[in-house]
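Take a look at the structure below.
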Amino acid sequence: MSASNKKNKSKQTTISKQTPSNDFQQPVEKVPTGFWQNTRLQMYIIAAVGFLLYANTLANDFCQDDAIVITDNMFTTQGVSGISGILQCDTFYGFFKEAGKSQLVAGGRYRPFSLILFAFEYQIFGKNAFVFHLVNILLFAGLCVMLYSLFQKLFSYNLSAVGGNNYSRLTTDLRPLTTKRIPTTNTIAFFAALLFAVHPIHTEVVANIKGADEILALLLSVCATLFSLKAFTSKKIPDYLIAGALFFLALLSKENAITFLFIVPLIFSFFITTDVWTAVKQSIPYWVASLIFLSIRSAVIGTQFGGEQLELMNNPFLKFVNGAYIPFDVSERFATIFYTLGKYILLLVFPQPLTHDYYPRHIGIMTFSDVGVLLSIILYAALFVIMIKGWKKRSIFSFSIAYFFITLGIVSNIIFPVGTNMAERFVFMPSVGFCLALSYWLIAVSPKLISKSYLQIALGICILLSIKTFMRNFAWKDNYTLFTTDISVSENSAKLQCSVGGETLEKMRNEPNENIRTAGIRDAIGHLKKSLDIHPTYKNPPLLLGNAYYYLNNPDSAIYWYKEALRFDPNFKDARQNLSLAYREAGKNAGQQQNLQKSITLLNQSLSLNANDGETFSYLGTAYGIAGQIPKCIESFEKALSIRYNKNDADNLITAYKQSGNLEKARELELKNK
């Protein structure tokens, strides 16, 4: 072949990266219309799968973090009237209800958009878990459809990204499943969106209503990207403005949407143009939206985006040495981070077992000598090499890996601490890259490696993942079900051990069968002590242990544990209040045993913690009366009555005045109390 002919052939087979191309819709042979060309039908199927797969969560109650953003949030429960408070405060302020407490979570949180959505739902439907779950499912189904639309749009811009310049790779003979020749691009887009819809690692986001922030952040970011692609073609200012506005709402949903500042130029440079500056210019609306968001965020909650907390539940990179927590050394910190990064990929490939809790020490203190750490480093190094080597060829693998790295980086604990080792919700946005890469491998690569039954294999994978997702949803029924289900996986989590103990106590409080009640409380005590073994200065387990022994009518043990909680945190209000009640109960028991001096001592200790408890003054008055200390008896009953009226206290006070010889005062009170 002459040089001239070679040159002409090259021109004929090169697809322009500067303008959109719809050539991929016309295969080599004339193809009859069928499912794989019916994009509308594919959208309906994806939406239906996304909805039906999570339909069983409609029977679930509020669970886990739903209390923080909905049921126990003073702004959300005000409905529309609480929106001003939502906009002016840290996301967690409405739950903690105290200045400064929301900053216990590293960097603070400003995610008003999802809370505003919850406020509207609460305004219209009240505390109706069914409606909140329904909205979450609809948002997720919509997200799956938008992802499919984005994949289709991107493939229409850059044919070479899915098949290279050899056009024959864009169609695949799927016999014996069908006799039609099917466009590979449609199939890749469909299965990528379907894999995202069915992947079990997303159950935390969709089944937990609080996860709406994750769904909205990704949904709005994808919609903004679609408008950016439209604006690139139309050159119309309103399209750019809409893209920026949608991205601003994504940022208001959750901060990790900011990664699309880099994803959008990545998309343009990979699928549309080789001109880097042209690609970067498309992200200008995103930069403007980000600057506005960061300015508002800083004005509301300050400029701290991280920071080292000294509480293990807010900073997993601490270790207990010589009775105190100290930070990990650099080696331990990064070894642990790399281990969790590897675990993310493992869960994406094989999502078993799943858990909502990865708090210390579910993930232990790792070193670079640990096999899991070394394998993770090797895996990420290999992915990086694949990404670089395939970039010039516009390999889908390269794009998927780059997307995964960028979106995972912000929650990896490398850039700044996020308050926990890892969480399945953190991989919700990055999983888009995994699903796209897996779909591409199954449809465009695997036929060469395995067989022509690859479509059945892809469908089989989706079915298996769907079953796991459907079954996992039942664990999110309520707190008790979730905690007791996941404790078998996260038995080394101090937080979950404490949560199981606390939820079991709550369940046993009103149990009518005394044997079941006692056994349940004893079981809770075991979990709470296990929590303390893991985290020796954790203040919540001692508080709950005090409650457990209080329910068992063992106030002396309750007092011990409440004191332990106050030792860890002298300003722990719940512990002070409960310690007061425990002293009161112990004082009452001592009085019933005729140990009057002990009773008086304990009751006074109760009043030193809570001087406005009328019942304690009543018990104290009785103890003083029996002990013959009539002036103090009168004083105690008068204080009890000044706090709340009680006829028995009034009668006892009259008797005390008579015993003191003050018959006139006794007569006055008798007339008053008739």
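Would you check which residues across the range 266-283 are touching a residue at least 40 places away in the same chain (Cβ under 8 Å) and of a type in the set (Val, Ile, Thr) and list them?
Result: Ile267, Ile272, Thr273, Thr274.
Is it the case, given these coordinates, that Ile600 is crowded, with 20+ Cβ neighbours inside 10 Å, at pLDDT 95 or above and hydrophobic (A, V, I, L, M, F, W, C)?
Spelling it out, Ile600 is indeed crowded, with 20+ Cβ neighbours inside 10 Å, at pLDDT 95 or above and hydrophobic (A, V, I, L, M, F, W, C).
Name the helices (runs of 4 or more DSSP H) wholly within the range 571-674 that hold at least 3 residues that are of a type in the set (Val, Ile, Thr) and within 29 Å of Asn553 (Cα to Cα)?
Helices (runs of 4 or more DSSP H) meeting the threshold: 614-626.
From the list Tyr403, Tyr380, which residue is surrounded by fewer than 19 Cβ atoms within 10 Å (Cβ to Cβ), in contact with a helix residue (DSSP H, G or I) (Cβ under 7 Å, 6 or more places away or on another chain) and closer than 30 Å to Thr274 by Cβ?
Just one listed residue meets the conditions, Tyr380.
Give the residues of the range 42-59 that are more than 16 Å from Ile463 (Cβ to Cβ) and either open to solvent by 20 Å² or more (accessible area, probe 1.4 Å) or touching a His at 6+ places or on another chain (Cβ under 6 Å) (or both), sorted by residue number.
Met43, Tyr44, Ala47, Phe51, Ala55, Asn56, Thr57, Leu58, Ala59, listed by residue number.
Quick one: would you say Lys573 is among the basic types (Lys, Arg) and over 31 Å from the mean Cα position of the chain (by Cα)?
So Lys573 does not fit the description; no.
Looking at (1) within 20 Å of the chain's Cα centre (by Cα); (2) at pLDDT 95 or above; (3) open to solvent by less than 10 Å² (accessible area, probe 1.4 Å), find the lone condition where Gly79 falls short.
(1)
Run down Val280, Val300, Val264 and say which single residue is under 27 Å from Leu87 (Cα atoms) and among the hydrophobic types (A, V, I, L, M, F, W, C).
Residue meeting the stated conditions: Val300.
Quick check on the range 383-396: of everything there that is surrounded by 15 or more Cβ atoms within 10 Å (Cβ to Cβ) and at pLDDT below 95, which residue is nearest to Ala192 (Cα to Cα)?
Out of the qualifying residues, it is Ile396.
What residue, among those in the range 495-528 that are of a type in the set (Gly, Ala, Ser) and out of contact with any Leu (no Cβ under 7 Å at 6 or more places or on another chain), is surrounded by the most Cβ atoms within 10 Å (Cβ to Cβ)?
Ser499
Collect the residues in the range 480-494 that are β-branched (Val, Ile, Thr) and open to solvent by 40 Å² or more (accessible area, probe 1.4 Å), keeping them in residue-number order.
Selection gives Thr484, Thr485, Val489.
Can you confirm whether the range 455-474 contains a residue that is open to solvent by 30 Å² or more (accessible area, probe 1.4 Å) and touching a Lys or Arg at 6+ places or on another chain (Cβ under 9 Å)?
Checking the range 455-474: not a single residue is open to solvent by 30 Å² or more (accessible area, probe 1.4 Å) and touching a Lys or Arg at 6+ places or on another chain (Cβ under 9 Å).
Could you run through the range 479-500 and say how many residues are in a helix (DSSP H, G or I) and among the aliphatic types (A, V, I, L, M)?
The qualifying residues number 4.
Take the residues in the range 356-377 that are in contact with a helix residue (DSSP H, G or I) (Cβ under 7 Å, 6 or more places away or on another chain) and among the hydroxyl-bearing types (Ser, Thr, Tyr), then tell me which one is farthest from Cys435 (Cα to Cα).
Checking each candidate, the answer is Thr367.
Return the pair list, or none, for Cβ contacts closer than 6 Å from residues in the range 224-236 that are under 18 Å from Val288 (Cα atoms) and without any contact (Cβ under 8 Å) to a residue 60 or more places away in the chain to residues that are assigned to a helix (DSSP H, G or I) and not hydrophobic (A, V, I, L, M, F, W, C), at least 6 apart or on different chains.
Cβ pairs passing all conditions: Phe227/Asp239; Ala231/Asp239; Ala231/Tyr240.
Which members of the range 603-612 meet the condition of being surrounded by fewer than 23 Cβ atoms within 10 Å (Cβ to Cβ) and under 12 Å from Gln577 (Cβ atoms)?
If the condition is that a residue be surrounded by fewer than 23 Cβ atoms within 10 Å (Cβ to Cβ) and under 12 Å from Gln577 (Cβ atoms), then Leu609, Asn610, Asn612 are the ones that fit.
Just to be sure, is Glu255 touching a His at 6+ places or on another chain (Cβ under 8 Å) and not polar (S, T, N, Q)?
Taking the combined requirement at face value, the residue does not satisfy it.
What do you reckon, is Lys563 among the basic types (Lys, Arg), surrounded by fewer than 20 Cβ atoms within 10 Å (Cβ to Cβ) and more than 25 Å from Glu511 (Cβ to Cβ)?
Answer is yes for this residue.
Can you tell me which of Val411, Val445 is within 24 Å of Val198 (Cβ to Cβ) and modelled with pLDDT under 85?
Of the residues listed, the single one that is within 24 Å of Val198 (Cβ to Cβ) and modelled with pLDDT under 85 is Val445.
Going through Ser331, Ser369 one at a time, which residue ends up being surrounded by fewer than 16 Cβ atoms within 10 Å (Cβ to Cβ) and in a helix (DSSP H, G or I)?
Ser331
Are there any helices (runs of 4 or more DSSP H) wholly within the range 203-318 with 3 or more residues that are open to solvent by 30 Å² or more (accessible area, probe 1.4 Å) and either at pLDDT 95 or above or more than 30 Å from Asp65 (Cα to Cα) (or both), and if so which?
Fully inside the range 203-318 and qualifying: 212-234, 237-253, 276-281, 284-301.
Restricting to the range 576-597, name every residue that is of a type in the set (A, V, I, L, M, F, W, C) and either under 31 Å from the mean Cα position of the chain (by Cα) or open to solvent by 40 Å² or more (accessible area, probe 1.4 Å) (or both).
Leu581
Using the structure shown, decide if Thr187 is open to solvent by less than 10 Å² (accessible area, probe 1.4 Å), hydroxyl-bearing (Ser, Thr, Tyr) and either closer than 22 Å to Leu438 by Cβ or modelled with pLDDT of 95 or more (or both).
Yes: the conditions hold for Thr187.
Across the range 385-428, what is the number of residues that are under 18 Å from the mean Cα position of the chain (by Cα), under 24 Å from Ile365 (Cα atoms) and either part of a helix (DSSP H, G or I) or not hydroxyl-bearing (Ser, Thr, Tyr) (or both)?
So the count comes out to 16.
The values are calculated or read from the model by the stated rules, or taken from the named source; none is laboratory data. Model, not experiment: these values are computed from the prediction. Cβ coordinates were reconstructed from backbone atoms using ideal geometry, including for glycine residues, and neighbour counts include every protein chain displayed. With ligands, DNA and RNA removed, areas are computed over all heavy atoms of the protein, side chains included. Shrake-Rupley method; radii C 1.70, N 1.55, O 1.52, S 1.80 Å.
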